[in-house]
1. Quick one: count up the residues across region 97-122 that are part of a loop (DSSP other than H, G, I, E, B) and away from ligand 4 (no atom under 12 Å from the Cβ).
2. Restricting to region 146-159, what's the tally of residues that are assigned to a helix (DSSP H, G or I) and among the hydroxyl-bearing types (Ser, Thr, Tyr)?
3. Search region 211-225 for residues that are at pLDDT below 95 and pair each with any residue that is within 13 Å of ligand 2 (Cβ to nearest atom) when their beta-carbon atoms are under 7 Å apart and the residues are at least 6 apart or on different chains.
4. Taking the condition of being in contact with a helix residue (DSSP H, G or I) (Cβ under 7 Å, 6 or more places away or on another chain) and either away from ligand 3 (no atom under 16 Å from the Cβ) or free of Cβ contacts under 8 Å to residues at least 40 places away in the same chain (or both), how many residues in region 87-110 meet it?
5. What are the residues in region 138-159 that are hydrophobic (A, V, I, L, M, F, W, C) and under 20 Å from GLU15 (Cα atoms), if any?
6. Going by the structure shown, is ILE218 buried (at least 19 other Cβ atoms within 10 Å of the Cβ), within 21 Å of LEU120 (Cβ to Cβ) and either within 16 Å of ligand 2 (Cβ to nearest atom) or not hydrophobic (A, V, I, L, M, F, W, C) (or both)?
7. I'm checking my understanding of the structure. Among residues of region 71-90 that are within 16 Å of the chain's Cα centre (by Cα) and farther than 20 Å from ARG212 by Cβ, which one is farthest from ligand 2 (Cβ to nearest atom)?
8. Please report, ordered by residue number, the strands (runs of 3 or more DSSP E) entirely within region 25-96 with at least 2 residues that are aliphatic (A, V, I, L, M).
Amino acid sequence: MDIAIRQQIFEDAKEWIYQAGQQIREQMNNPYEIDTKSNANDLVTAVDKSTEQFFAEKIRGTYPGHSIVGEEGYGDKVESLDGTLWIVDPIDGTMNFVHQKRNFAISIGIYHDGIGEIGLIYNVMDDVLYSAKKGEGAYREQVKLPLLRDDVKLETSVLGLNAQLVCENKYYNAKKIQQLIRDCRGTRSYGSAALEFAHVAEGILDGYVSMRLAPWDIAAGIVLVEEVGGVTVQATGKPVNLLQNSTILTTNKQIKDRVIDHYIEFN
Ligand code: 2AM
Ligand code: CA
Ligand code: CA
Ligand code: CA
């Protein structure tokens, strides 16, 4: 992607994220509708929807040739990664938004012909923006994030884990995940995949594992983690496919293989 065009897209995306963040902070003080999706705990609010609509309108108005993938259905029907694609999660961590009024993020990954060019994750209540451009490093606000340490061991790692992983399930062996919890130093569960990726990029988590995440949960985070020298893969070890949901691991190169080989066993 042309560097000048990418810079313009980056500046526009940032401006829209700050505007959307301001609107979310205003809207959350008034009553808003809350619905459920796939199950009773899978929440969506009117604020998720209006925020995604806001981005869809801005993107279509400014970049009519680009495509949009969004969680709440205001995007396009995208079946290939060709061209320029905005992968948008208007609120990542909706349960946190509803119950905690904090710990949620706007996540936008911008890909060109399948390559992650821009990643933006905005912690709305803390007013902290994580950003990355391919080849130019990752930032927390204006501060460039250092490369991940290359001497990290599992025994001293703090891992982000979706607690659902620990429950017996038909997809993989929960016992092995329980062993992972015993073998690492500690685990955390923040409830926003995008923020957990950002925490891996800033080095306050050494890895994050979560099941069946959607493209909008991970698209921005992948770019951030890659820019600090980390990797994101499917839990099978295969490369991520941004056209489908997958169980993913994002971490440093030292512990990736060990986690996949010893702790994740599919049924
Ligand atoms: P969301 O808030 O945008 O739905 C919660 O552990 C994390 O998993 C959040 O990042 C949440 O994104 C994501 N997630 C993915 N699929 C989910 C589902 N079916 N129900 C709830 N959270 C889901
Ligand atoms: Ca959701
Ligand atoms: Ca999400
Ligand atoms: Ca969401």
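The values are calculated or read from the model by the stated rules, or taken from the named source; none is laboratory data. This one's a predicted model, so the numbers in the text were calculated from it and none came from an experiment. All Cβ positions, even for glycine, are placed from backbone atoms using ideal geometry, and neighbour counts span all protein chains on display.
1. Filtering region 97-122 down to residues part of a loop (DSSP other than H, G, I, E, B) leaves 100-104, 113-114.
Checking which are away from ligand 4 (no atom under 12 Å from the Cβ) leaves us with 100-103, 113-114.
Selection size over region 97-122: 6.
2. Here is the first cut: in region 146-159, the residues assigned to a helix (DSSP H, G or I) are 154-156.
Narrowing the set further to residues that are among the hydroxyl-bearing types (Ser, Thr, Tyr) leaves 156.
Looking only at that region, the number is 1.
3. ARG212/ASN245
4. Total satisfying the criteria: 2.
5. Within region 138-159, the first condition is being hydrophobic (A, V, I, L, M, F, W, C), and the residues that meet it are 138, 143, 145, 147-148, 152, 154, 158-159.
Once the filter is applied, which keeps residues that are hydrophobic (A, V, I, L, M, F, W, C) and under 20 Å from GLU15 (Cα atoms), region 138-159 yields ALA138, VAL143.
6. Yes: the conditions hold for ILE218.
7. Going through region 71-90, the residues within 16 Å of the chain's Cα centre (by Cα) turn out to be 71-72, 85-90.
Filter again for farther than 20 Å from ARG212 by Cβ, leaving 85-86.
Working: LEU85: 19, TRP86: 17 Å.
Restricting to residues being within 16 Å of the chain's Cα centre (by Cα) and farther than 20 Å from ARG212 by Cβ, the top hit is LEU85.
8. Of the strands (runs of 3 or more DSSP E) lying wholly inside region 25-96, those with at least 2 residues that are aliphatic (A, V, I, L, M) span 43-45, 67-70, 84-92.
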